[in-house]
Amino acid sequence: MTGFARAAGASGAYSWAWEVKSVNSRGLDIRCRLHGGLDQLEATARAAATTRFHRGNLAMTLSLSRVGAEATVRINDDVLESIMAVATELAGRINAPPPTVEGLLSLRGVLETVEREESEDDREALETGVLATLDEVLDLLVKDREAEGQRMSEIVSGQVDAIATLTESAGALAALQPAALKARLQQQVADILDSVTGLSEERLLQEAALLATKADVREELDRLVAHVAGARELLADDGAIGRRLDFLAQEFNREANTLCSKSQDVGLTKIGVELKTVIDQFREQAQNIE
């Protein structure tokens with residue numbers, strides 16, 4: 001299922017933002033990009049996503065920046081002493097005025113900027129805040145995917161209704177088949193008797209029974225009805241149903257194929273082909289459902 005969510009937070013001198021994108025996938029694939037030296041949180045981030053999602057290709061990105069950090073300026077005594085020693089030595093060789101304060105401070109290395117050192121408490125507060133925002137962004141993604149799931153549920157429910165309607169139409173045609181099948185068998189038996197001699201009545205009955213069994217599609221229709229009921233139950237379930245819908249799509253397709261192969265009627269074959277078309281659409285949607 002597709003979705004997008006973003007959440008931001010701040011703590012002390014740090015600010016951060018999580019972005020999570022989700023696209024369709026048969027399984028669950030998680031990719032993490034954590035900036036700012038927080039790679040150690042990847043395992044926790046993956047675990048948090050796994051508890052919420054079962055399918056989808058998730059891209060989780062954390063951006064981190066340090067803002068408003070207090071920095072101090074200090075004199076590098078070692079560098080200054082070295083410069084002063086050189087200046088003193090030169091003063092004995094040449095007639096030159098002593099160096100000024102401004103001149104010394106302008107020399108590279110005399111002044112240096114020092115960032116405030118980060119304490120254990122600061123780091124712990126940062127990680128706690130980042131993980132709290134992670135929970136927030138994942139919950140937002142859940143809501144976004146649920147909204148899409150609701151829209152998809154309406155589409156899939158319509159497809160299940162179409163399968164049910166076509167199954168009923170096939171049942172109505174199949175109910176008329178016994179008489180047509182009987183007439184066809186009688187004609188076939190008559191043709192066999194005219195062309196073959198020495199065929200026992202028992203063998204003839206066996207062949208007739210075999211032909212009748214091969215043409216009987218009531219079992220396939222009963223299973224299609226059962227699968228329709230199962231699909232409707234799943235769509236009413238609030239849990240993860242995608243994989244089970246995948247399985248039902250396979251079962252729907254199997255029964256439709258058998259229906260077409262057994263059909264002895266043009267109308268029934270046409271319905272079987274329409275069934276396969278709707279079932280294929282159902283299968284494609286089922287692969288995108290959590």
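Structure notes:
- Of all the criteria given as (1) among the polar types (S, T, N, Q); (2) modelled with pLDDT under 80; (3) assigned to a strand (DSSP E or B), the one not satisfied by Ser25 is (3).
- Scanning the stretch 269-283 for residues that are over 21 Å from the mean Cα position of the chain (by Cα) and not aliphatic (A, V, I, L, M), we see that the one that is surrounded by the most Cβ atoms within 10 Å (Cβ to Cβ) is Gly272.
- Pairs with Cβ under 8 Å, 6+ apart, first in the stretch 75-92 and of a type in the set (Gly, Ala, Ser), second surrounded by fewer than 13 Cβ atoms within 10 Å (Cβ to Cβ): Ala87/Pro98; Ala91/Pro98
- Any hit, the stretch 3-13, residues being assigned to a helix (DSSP H, G or I), out of contact with any Ser or Thr (no Cβ under 8 Å at 6 or more places or on another chain), modelled with pLDDT of 90 or more and within 30 Å of Ala240 (Cα to Cα): no
- Pairs linking a residue in the stretch 26-54 that is free of Cβ contacts under 8 Å to residues at least 40 places away in the same chain to a residue that is among the small types (Gly, Ala, Ser), with Cβ atoms under 6 Å and 6 or more positions apart or on different chains, are Ile30/Ala49; Arg31/Ala59; Cys32/Ala45; His35/Ser63.
Residue-by-condition table, conditions (1) in contact (Cβ under 8 Å) with a residue 40 or more places away in the chain; (2) under 20 Å from Met152 (Cβ atoms); (3) not small (Gly, Ala, Ser); (4) not assigned by TED's automatic domain parsing to the domain that holds Leu221:
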| position | (1), (2), (3), (4) |
| --- | --- |
| Phe247 | no, yes, yes, no |
| Ala256 | no, no, no, no |
| Ser261 | no, no, no, no |
| Asp265 | yes, no, yes, no |
| Gly272 | yes, no, no, no |
| Ile279 | yes, yes, yes, no |
| Phe282 | yes, yes, yes, no |
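- Residue satisfying all of: in the stretch 146-174; of a type in the set (Gly, Ala, Ser), more than 19 Å from the chain's Cα centre (by Cα) and surrounded by 15 or more Cβ atoms within 10 Å (Cβ to Cβ); modelled with the lowest pLDDT among these: Ala174
- Only residues that are of a type in the set (Ser, Thr, Tyr) and touching a Lys or Arg at 6+ places or on another chain (Cβ under 7 Å) were counted across the stretch 1-56, and they come to 3.
- Residues that are in a helix (DSSP H, G or I) and among the β-branched types (Val, Ile, Thr) were ranked within the stretch 28-69; the one that is nearest to Asp139 (Cα to Cα) is Thr50.
- Scan of the stretch 108-136 for residues that are modelled with pLDDT under 80 and surrounded by 11 or more Cβ atoms within 10 Å (Cβ to Cβ), ordered by number: Gly109, Val110, Leu111, Glu112, Glu115, Arg116, Glu118, Asp122
The values are calculated or read from the model by the stated rules, or taken from the named source; none is laboratory data. These figures come from a predicted structure and were not determined experimentally. Using ideal geometry, Cβ is built from the backbone for each residue, glycine included, and neighbour counts are taken over all protein chains shown.
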